[in-house]
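Notes follow once the structure below has been shown.
The values are calculated or read from the model by the stated rules, or taken from the named source; none is laboratory data. What you see is a predicted model; the values in this text were computed from it and never measured. Virtual Cβ from ideal backbone geometry, glycine too; neighbours counted across all protein chains shown. Surface accessibility is based on the protein's heavy atoms, side chains included, excluding ligands, DNA and RNA. Shrake-Rupley method; radii C 1.70, N 1.55, O 1.52, S 1.80 Å.
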Amino acid sequence: MELAKLKITKRQTLAGQLYGQILEQIVSNTLGQGERLPSEHGLATAFGVSRPVVREALKKLQEDGLVEARRGVGTFVRRRPPEKLIEFATVDSVAGLMRAMEARVTVEHATARLAALRAGPKDLARIESALQRLEETMAVRTPSVDSDYQFHLAIAAASGNEVFVDMLECTRDAIERGIDVAQKLTREGTQARLNLVMREHRQIFEAIRAGDAEAAGVCMSHHLLQARTRITDHAESA
């Protein structure tokens with residue numbers, strides 16, 4: 001197997017760029033599912049980076065479920081993401097996209113819980129309106145990034161804590177990039193996948209409307225974790 005030298009850009013960390021380069025090898029099937037990656041030394045030499053950079057990149061790939069480390073044996077490709085992932089997102093942006101989605105789980109779990117406890121009629125109407133717009137666009141396979149974002153923003157506003165709103169607004173670009181990639185992959189997938197995504201959003205709203213804080217937090221966390229998994233799971237794109 002021949003691995004190309006790392007193409008350095010100034011905007012990304014070396015580990016993030018190496019993550020992207022290895023990801024590209026996995027997506028293109030240069031590194032097949034179940035195949036062992038070169039050793040840390042081999043990767044460092046092949047890509048012209050230090051071993052700590054290699055370790056950090058492999059750690060992120062493992063956290064995202066793309067590779068798995070087997071003690072005393074090596075690191076193996078666990079799953080191959082959808083081919084269109086690197087069409088919808090640049091390879092060196094995927095690591096950051098996955099980190100942003102990871103951060104959303106913690107923040108939005110809290111917003112959903114608080115929204116269930118504090119949302120008034122106007123809050124619920126705003127959340128439902130965004131949800132309906134999202135469902136309408138998804139039903140015709142033209143999902144709206146803005147409607148999806150507005151759904152999550154409305155929940156943050158319903159939490160009654162303006163800091164959560166500010167946090168989402170400050171990271172809006174990163175959130176919308178993640179939503180865009182996830183929606184494009186869903187649009188290309190089966191009707192079952194599309195229905196599942198719509199159901200996850202609807203379950204969040206229903207839990208908030210019922211005033212069930214525990215369920216709202218669980219449904220939100222489940223949705224975001226599933227969205228993150230769907231981005232890198234080849235099987236889920238079918």
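Filtered by the rule that a residue be within 19 Å of LEU225 (Cα to Cα) and of a type in the set (D, E, K, R), the stretch 137-172 gives ASP148, ARG172. Would you say THR186 is assigned to a helix (DSSP H, G or I), buried (at least 16 other Cβ atoms within 10 Å of the Cβ) and of a type in the set (Val, Ile, Thr)? So THR186 fits the description; yes. Against the criterion of being touching a helix residue (DSSP H, G or I) at 6+ places or on another chain (Cβ under 9 Å), modelled with pLDDT of 95 or more and of a type in the set (Val, Ile, Thr), VAL49 does not qualify. Assessment of the stretch 159-166 against the conditions (within 18 Å of the chain's Cα centre (by Cα) and of a type in the set (Phe, Trp, Tyr)) yields no matching residue.
Restricting the stretch 104-136 to residues that are within 22 Å of ARG228 (Cα to Cα) and among the basic types (Lys, Arg) leaves a set whose member that is nearest to the chain's Cα centre (by Cα) is ARG104.
Among the numbered conditions (1) open to solvent by 50 Å² or more (accessible area, probe 1.4 Å); (2) under 21 Å from ARG99 (Cβ atoms); (3) of a type in the set (A, V, I, L, M, F, W, C), the only one that ALA210 does not meet is (2). Of the helices (runs of 4 or more DSSP H) that lie entirely inside the stretch 1-114, those containing 3 or more residues that are open to solvent by 40 Å² or more (accessible area, probe 1.4 Å) and among the charged types (D, E, K, R) span 51-63. Taken over the stretch 106-138, the criterion of being among the small types (Gly, Ala, Ser) and free of Cβ contacts under 8 Å to residues at least 40 places away in the same chain is satisfied by GLY120, ALA125, SER129, ALA130.
Of everything in the stretch 115-148, what is closer than 30 Å to GLY20 by Cα, open to solvent by 30 Å² or more (accessible area, probe 1.4 Å) and either touching a strand residue (DSSP E or B) at 6+ places or on another chain (Cβ under 7 Å) or of a type in the set (Asp, Glu) (or both)? Give them in sequence order. Scanning the stretch 115-148 gives a single hit, ASP146. Looking at ARG193, ARG202, ARG230, just one residue is open to solvent by 20 Å² or more (accessible area, probe 1.4 Å) and not in a loop (DSSP other than H, G, I, E, B), and that residue is ARG202. The sole residue among SER129, SER147 that is touching a Ser or Thr at 6+ places or on another chain (Cβ under 7 Å), closer than 20 Å to ALA216 by Cβ and not β-branched (Val, Ile, Thr) is SER147. For the stretch 59-79, a residue qualifies if it is within 15 Å of GLU40 (Cβ to Cβ) and not charged (D, E, K, R), and the qualifying residues are LEU61, GLN62, VAL67, ALA69, GLY72, VAL73, GLY74, THR75, PHE76.
When residues in the stretch 17-64 are screened for being of a type in the set (D, E, K, R) and touching a residue at least 40 places away in the same chain (Cβ under 8 Å), 6 of them pass. Select from the stretch 115-161 the residues that are modelled with pLDDT of 95 or more and assigned to a loop (DSSP other than H, G, I, E, B) and write down the one among them that is farthest from GLN203 (Cα to Cα). Here the answer is ASN161.
One line per residue, one yes/no per condition, for (1) touching a residue at least 40 places away in the same chain (Cβ under 8 Å); (2) not small (Gly, Ala, Ser):
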residue	(1), (2)
ALA154	no, no
ASN161	yes, yes
ASP166	no, yes
CYS170	no, yes
ALA182	yes, no
PHE205	yes, yes
ASP212	yes, yes
